[in-house]
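Single-structure report; data block below.
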Amino acid sequence: MIAFFDTRKNPKLAWVGIALITLALLLLPFAAALVGTAWVRVLNFALLYIMLALGLNIVVGFAGLLDLGYIAFYAVGAYVYALLASPHFGLHWPFWVVLPIGAMVACLFGVLLGAPTLKLRGDYLAIVTLGFGEIIRIFLNNLNTPVNITNGPQGINLIDPFSFGSFSFSRNEKIAGIDFSGPQKYYFLLLAITVLIIVINVRLQNSRLGRAWEAIREDEVAAQAMGINTRNVKLLAFAMGASFAGVAGGMFSATQAFVSPESFGLFESIIVLSMVVLGGMGNIPGVILGAVLLTVFPEFLRYTMEPLQSQLFGRVIVAAETVRLLVFGIALVAVMLYRPAGLWPSEVRKRELTREDNGAAK
Amino acid sequence: MDIFIQQIINGLTLGSIYALVALGYTMVYGIIGLINFAHGEVVMIGAMIVLSVVSGLVGAHLPLPPFLIIFAGLAVAVPACMGIAYAMEKVAYRPLRKAPRLAPLITAIGMSIILQNLAMMIWGRNYLTFPNLIEPQPIAIWGATITDLQIAIILLAALMMAGLVLLVQKTRLGMAMRATAQNPQVAGLMGIDINTVISAAFMIGAALAAVAGLMVMSYYGIAHYYMGFLLGLKAFTAAVLGGIGNLAGAMLGGVLLGIIEALGAGYIGDITGGVLGSNYQDVFAFFVLILVLVFRPSGLLGERIGDRA
Amino acid sequence: MSETLLDAKELSKRFGGVQALSEVGFSIRQGEIYGLIGPNGAGKTSLFNVLTGIYQPESGSVGFCGKSLLGLKPNQVAERGIARTFQNIRLFANLSALENVMIGRHVRTRAGVFGAIFRDAGTLAEERAIERRAVELLHYVGIADRANDLARHLPYGDQRRLEIARALATEPRLLALDEPAAGMNATETRELRTLLGGIRDDGTTILLIEHDMKLVMNLCDRVLVLDYGRKIAEAAAAEIQRDPKVIAAYLGGEVETAGAAKGTAQ
């Protein structure tokens, strides 16, 4: 289906397709607002999760490293932003300074975690990264004594929105005759950054570095024998993934105006992993699809299930949240059993995870 | 020094529970190389079932001695957990035995989520209290106190571990398990039904888990649908600490981890001059895990494992 | 007399109770095809793994182009100029043949993260050069028509050739091949012989583990014979055939050529 957009093969069709999609994306927040203002926020969340999923895709999909604590980097980015642009410390640095700092701090944590642990075998690495994610969350939850750094479980609120000059992203205003709500303004910024991240990911995949990652995923011993410094290359995957999460985290802070350790638990890590796995590991369009599906569908469930239950039974028996997670769990098991390469697999992954695999080259 | 003995006692109690759960992890990992992510949830389900049975019996005001009530709880919980473990293995892990490591790890995570949320749906989100059937009696010893509950936990755990060792060393099933752990293919060629052995490993682990669930619940007095996650992770740490795949290692690792945690929680205030408090207790397990895996991945009693995948 | 490319002295390697290598010493001269033979379990692949940095020897030394190889990691060894293939073929199974060879170019190219993201002129030129060279190498080993096929879909003989192409992409001074003819029929083996001869003529020294004695005798200039981790002979191919120690080591094992192992005079 990617061939649909291959501008070299069929320029007219491809460009028309791209134009249509661009138009749809530009109109989307306004269409969503018609259904309900909350839906614009859902769109923004979808974009944030796309960023996260793409970042994790570098680690899990390209390099084949299982990271179960990825959300820790998101948390770092979010808290860096919250600490530097809120009343908490009285610092109000502008977003174009704080976002890069958040990315760099997250990147640093990625390197700190990766350096001693990347030599571990697959499942051990998974558990260690999980532990790391929990450690970060526990520290965020408890660093309010003796010195109040993170404000503990109460979190940090009144975080500054993005703004430059007198233009603020949180205010509703009229631009060129069109009404833009705060979330809608954020939408366009998030969309731009997401597109940028997609482009970066595509370029990384089709580069010397991307090939090195895939080589490591396929056969680490052979990759080393061909001169690839597997340790550094793996570290680079971790660092890049962490940086993307850091950027997304900063944006999360600003759009929410509030952060607390609750948002950064193991389940969030697993949800992002699910997006990558269900969407199609290593395949950029697949991962985007996974992120969109897993953000929108639960909201859709909540929107319909609870009123439906109230109508049928007079009350909500099962909260949408519980069902959402239950469906996640079932989906994870089902996908691994029946469609292990994901909904939209790259050709590569499909062959690797199909169980009847016994090619001579393995 | 005054709290030292006390923390050792507490650590020993907690460690015995960790050891029971760690045995489940280590048996499964030893035979099929899978980290059974959902094992912690089996502990939780065991606890919840016991709670339901016990609460039901207590609520019905039947004139039964406490031990019988608890035994009834276990009589339901243990087979139920064994059944769940058997089903889990058959449905989610067996089909993926030949798949790359990533696949069963993800299904294990999926199963963990499913069990947690089923529990939440059945038992609700709130913390549930375990009816206080027997009031724990403290006994003074060496300047600290130990309750009869703690003694009971330690003894029962030791008994079960001894039973497991007997099973593994002296019975045919145990021999089959050891053979399969060493070399599944050859074991199969020798006529051992691998599927039976693997199911047995899961089910035995689940039985131990159910008992551990009861212990945790009576020790802390509460049960909660999320209680399995952290406990499971710590027990896994214990298994790795002792040497994954190694029964003695799981027992040693469990007890050791319990003691490290208890001592750490007790002394962390002093060590860090009040900066960090005992609310960081959970972090110890994770740090131990990372340190062990980075510096001595084979654990205390395990053989050297190569790092190459 | 051509110069010494690789010089190994008294290499020893032990695994638990097994002495895989016991004071093995030999030298490889520039431009020759050097064979390594011995019964199964003699330590041939272990020697390869020591040379290429996968194992570190307990004692002994290895000098390559004048510098020591001890303590180097496999990727550093590749950088120094030794490339290898594997006994059990280790291709990047789910990548195409072309991509496999392109990855071989990794060690001689430089583009990093910034090059990947910004695609500057230098990076783009390098990428084009990598692809060009990879195509050339596929032609060189004779599988250019399979460039876009996944490595695991290639027939067995082509997979072995691909592995050689990938190794050549690293521009090695020494190409170390672990049983490249294993599983090949007579025709394929002949073609392999031509290919390897061509590689040597084009300037790359070759170190070759093989069980196919006909190939070894026809191709190799000199041969090292190992048995139970010890060196039992190092000489020109023709002499090795007649060496009684070598014949004794092989007696009772696989016989590839009628005369050699049974002691019949050649």
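The values are calculated or read from the model by the stated rules, or taken from the named source; none is laboratory data. Everything numeric in this text was worked out from a predicted model, so none of it was measured. Heads up, the Cβs are rebuilt from the backbone with ideal geometry, glycines too, and the neighbour counts pull from every protein chain shown.
When you scan the range A:296-318, do you find a residue that is buried (at least 22 other Cβ atoms within 10 Å of the Cβ), in contact (Cβ under 8 Å) with a residue 60 or more places away in the chain and among the aliphatic types (A, V, I, L, M), even just one?
Within the range A:296-318 (the criterion being buried (at least 22 other Cβ atoms within 10 Å of the Cβ), in contact (Cβ under 8 Å) with a residue 60 or more places away in the chain and among the aliphatic types (A, V, I, L, M)), the answer is no, since none of the residues qualifies.
Could you list all residues from the range B:28-78 that are under 30 Å from B:ALA103 (Cβ atoms) and among the hydroxyl-bearing types (Ser, Thr, Tyr)?
B:TYR29
Among the residues of the range C:54-71, how many are within 18 Å of the chain's Cα centre (by Cα) and either surrounded by fewer than 17 Cβ atoms within 10 Å (Cβ to Cβ) or more than 8 Å from chain A (Cβ to nearest Cβ) (or both)?
Number satisfying all stated conditions: 6.
Looking only at the range C:105-114, filter to residues that are more than 7 Å from chain A (Cβ to nearest Cβ) and not in a loop (DSSP other than H, G, I, E, B); which one of those is farthest from A:ILE228 (Cα to Cα)?
C:PHE114
Looking at A:SER269, A:SER253, which is the one that is farther than 29 Å from B:SER112 by Cα and crowded, with 21+ Cβ neighbours inside 10 Å?
A:SER253
Please go through (1) polar (S, T, N, Q); (2) surrounded by 13 or more Cβ atoms within 10 Å (Cβ to Cβ); (3) within 30 Å of A:ILE271 (Cα to Cα) for B:THR145 and return the number of the only condition it doesn't satisfy.
It is condition (3) that B:THR145 fails.
Give the residue, chosen from A:LEU130, A:LEU113, A:LEU99, that is within 24 Å of B:ILE268 (Cα to Cα), modelled with pLDDT of 90 or more and buried (at least 23 other Cβ atoms within 10 Å of the Cβ).
Just a single option satisfies the conditions, and that option is A:LEU113.
If I ask for residues that are within 12 Å of chain A (Cβ to nearest Cβ) and out of contact with any Leu (no Cβ under 9 Å at 6 or more places or on another chain), which ones from the range C:129-148 would you list?
C:ALA129, C:ILE130
To keep it simple, each residue is scored yes or no on (1) in a loop (DSSP other than H, G, I, E, B); (2) of a type in the set (S, T, N, Q); (3) closer than 30 Å to A:MET281 by Cα.
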site	(1), (2), (3)
B:ALA108	no, no, yes
B:SER112	no, yes, yes
B:LEU118	no, no, yes
B:ILE122	no, no, no
B:ASN132	yes, yes, no
B:THR145	no, yes, no
B:ALA157	no, no, no
B:VAL168	no, no, no
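Consider C:PHE15 against the criteria (1) crowded, with 22+ Cβ neighbours inside 10 Å; (2) more than 25 Å from A:ILE228 (Cβ to Cβ); (3) out of contact with any Phe, Trp or Tyr (no Cβ under 7 Å at 6 or more places or on another chain): it satisfies all of them except one. Which criterion is unmet?
Here C:PHE15 clears every test but (1).
Could you please find all residues in the range B:99-152 being away from chain A (no Cβ under 14 Å), hydrophobic (A, V, I, L, M, F, W, C) and under 30 Å from A:PHE328 (Cα atoms)?
The one that is away from chain A (no Cβ under 14 Å), hydrophobic (A, V, I, L, M, F, W, C) and under 30 Å from A:PHE328 (Cα atoms): B:LEU128.
Search the range C:87-104 for residues being at the interface with chain A (Cβ under 7 Å from one of its Cβ atoms) and touching a residue at least 60 places away in the same chain (Cβ under 8 Å), and hand back the single one that is surrounded by the fewest Cβ atoms within 10 Å (Cβ to Cβ).
C:ARG90
When the residues of the range C:238-256 are narrowed to those that are among the hydrophobic types (A, V, I, L, M, F, W, C) and surrounded by 19 or more Cβ atoms within 10 Å (Cβ to Cβ), which ends up modelled with the lowest pLDDT?
C:ALA249
Just the residues that are on the phi > 0 side of the Ramachandran plot and either of a type in the set (Asp, Glu) or facing chain A (nearest Cβ under 10 Å) (or both), please, taken from the range C:40-53.
C:GLY53
Being β-branched (Val, Ile, Thr), within 14 Å of another protein chain (Cβ to nearest Cβ) and touching a residue at least 12 places away in the same chain (Cβ under 8 Å) is the filter here, so list the residues in the range A:163-209 that pass it.
A:ILE197, A:ILE198, A:VAL202
Can you pull out every residue in the range A:138-162 that is in a helix (DSSP H, G or I) and either at positive phi or more than 10 Å from chain B (Cβ to nearest Cβ) (or both)?
Listed by number, the residues that qualify are A:LEU140, A:GLY152, A:PRO153, A:GLN154.
Pick out the one residue from C:LEU177, C:LEU162 that is assigned by TED's automatic domain parsing to the domain that holds C:GLU32 and closer than 17 Å to A:VAL221 by Cβ.
From the options C:LEU177, C:LEU162, the qualifying one is C:LEU177.
When the residues of the range A:332-349 are narrowed to those that are in a helix (DSSP H, G or I) and surrounded by fewer than 19 Cβ atoms within 10 Å (Cβ to Cβ), which ends up modelled with the lowest pLDDT?
Across the range A:332-349, the extreme among qualifying residues is A:GLU347.
If you go through the range B:87-98, how many residues are within 7 Å of another protein chain (Cβ to nearest Cβ) and closer than 15 Å to B:GLY40 by Cβ?
Of the residues in that region, 0 qualify.
Could you list all residues from the range A:12-67 that are among the hydrophobic types (A, V, I, L, M, F, W, C), within 14 Å of another protein chain (Cβ to nearest Cβ) and closer than 14 Å to A:MET275 by Cβ?
A:LEU54, A:LEU56, A:ILE58, A:VAL59, A:VAL60
If you take the residues in the range C:30-51 that are crowded, with 22+ Cβ neighbours inside 10 Å and of a type in the set (Val, Ile, Thr), which one is nearest to A:MET226 (Cα to Cα)?
C:VAL50
Using beta carbons and a limit of 6 Å, which pairs, at least six apart or on different chains, have the first residue in the range C:206-218 and closer than 16 Å to C:ALA238 by Cα and the second one modelled with pLDDT under 90 and in a loop (DSSP other than H, G, I, E, B)?
Filtered contacts from the range C:206-218: C:ASP212/C:GLU256; C:MET213/C:GLU256; C:MET213/C:THR257; C:LYS214/C:THR257.
Considering only residues that are outside any loop (DSSP other than H, G, I, E, B) and among the hydroxyl-bearing types (Ser, Thr, Tyr), which ones fall in the range B:170-185?
B:THR180
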